Amino acid sequence: MNVAIYVRNSTTEERQNPETQIRPLKERCVREGWDYEIFQEFASGAKESRPELDRMFQRIRNKEFHAIMVWRLDRLGRSVKHLLQLIEELKNKDVKFISLTEGFDTTTAQGELFFHIASAFAQFERKLIQERINAGLERARAEGKALGRPKGSKDKKRRTKSGYYLRWAKGKK
């Protein structure tokens with residue numbers, strides 16, 4: 001069986017090392033005797049379009065994989081709507097979905113039910129994160145803290161493309 005392994009981290013920071021996901025996924029493939037290819041990216045799960053996810057699904061549409069495996073469902077997406085669309089497309093292409101830590105098998109009625117419950121929790125978790133971030137920003141504003149990047153000398157005037165083109169042309173010489 002040819003398996004697409006999808007690995008996503010929200011940031012490139014040290015505390016989110018992709019090996020935490022990659023190692024157990026590879027071990028499962030080796031144990032089962034499956035061929036695999038890893039699609040790894042650093043992006044928010046709230047985004048529906050992500051370069052590696054899109055590339056993987058294009059290959060799935062070309063019937064290159066029999067299954068897709070993720071470490072946890074929330075690595076694939078954070079929106080119930082988006083997750084349902086992805087799973088529906090996998091179902092239509094006869095591609096099995098495997099969530100390693102949650103043990104989903106979406107080919108059964110029970111697996112589909114657990115998938116729906118878990119996707120609702122993934123979306124709920126995303127909303128909680130947004131609420132905490134917004135509460136922190138609101139508190140910082142109330143305390144009078146400056147938010148965002150401070151304006152530098154280059155930010156005082158409007159940038160134009162002509163300056164970019166001049167710098168690019170100098171680099172080509």
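Readers should treat all values here as calculations from the given coordinates under stated rules, not as data from a laboratory. Small disclaimer: the values here were computed from a predicted structure and weren't measured. Heads up, the Cβs are rebuilt from the backbone with ideal geometry, glycines too, and the neighbour counts pull from every protein chain shown.
With a point put 7 Å past each Cα toward its Cβ, work out how far residue 166 is from residue 112 in nm, to one decimal.
According to this spin-label approximation, the distance is 6.3 nm.
Please work out the Cα center distance from the stretch 28-93 to the stretch 121-145, rounded to the nearest Å.
About 29 Å separates the Cα centre of the stretch 28-93 from the one of the stretch 121-145.
Give me the one-decimal nm value for the distance between modelled label points at residue 102 and residue 20, 7 Å along each residue's Cα-to-Cβ direction.
Calculated label separation equals 1.7 nm.
Arrange 89, 143, 138 by Cβ neighbour counts within 10 Å, fewest through most, would you?
143, 138, 89
List the pairs from 26/96; 91/127; 93/127; 63/96 whose alpha-carbon separation is above 23 Å, in the order I gave them.
Violating the 23 Å limit, Cα to Cα: 91/127; 93/127.
Using +1 at the C-beta of Lys and Arg and -1 at the C-beta of Asp and Glu, which of 4, 44, 22 has the Cα lying farthest in the positive direction of the dipole of the stretch 2-126?
44
Most exposed first by the Cβ proxy, i.e. fewest other Cβ within 10 Å, how do 71, 34 rank?
34, 71
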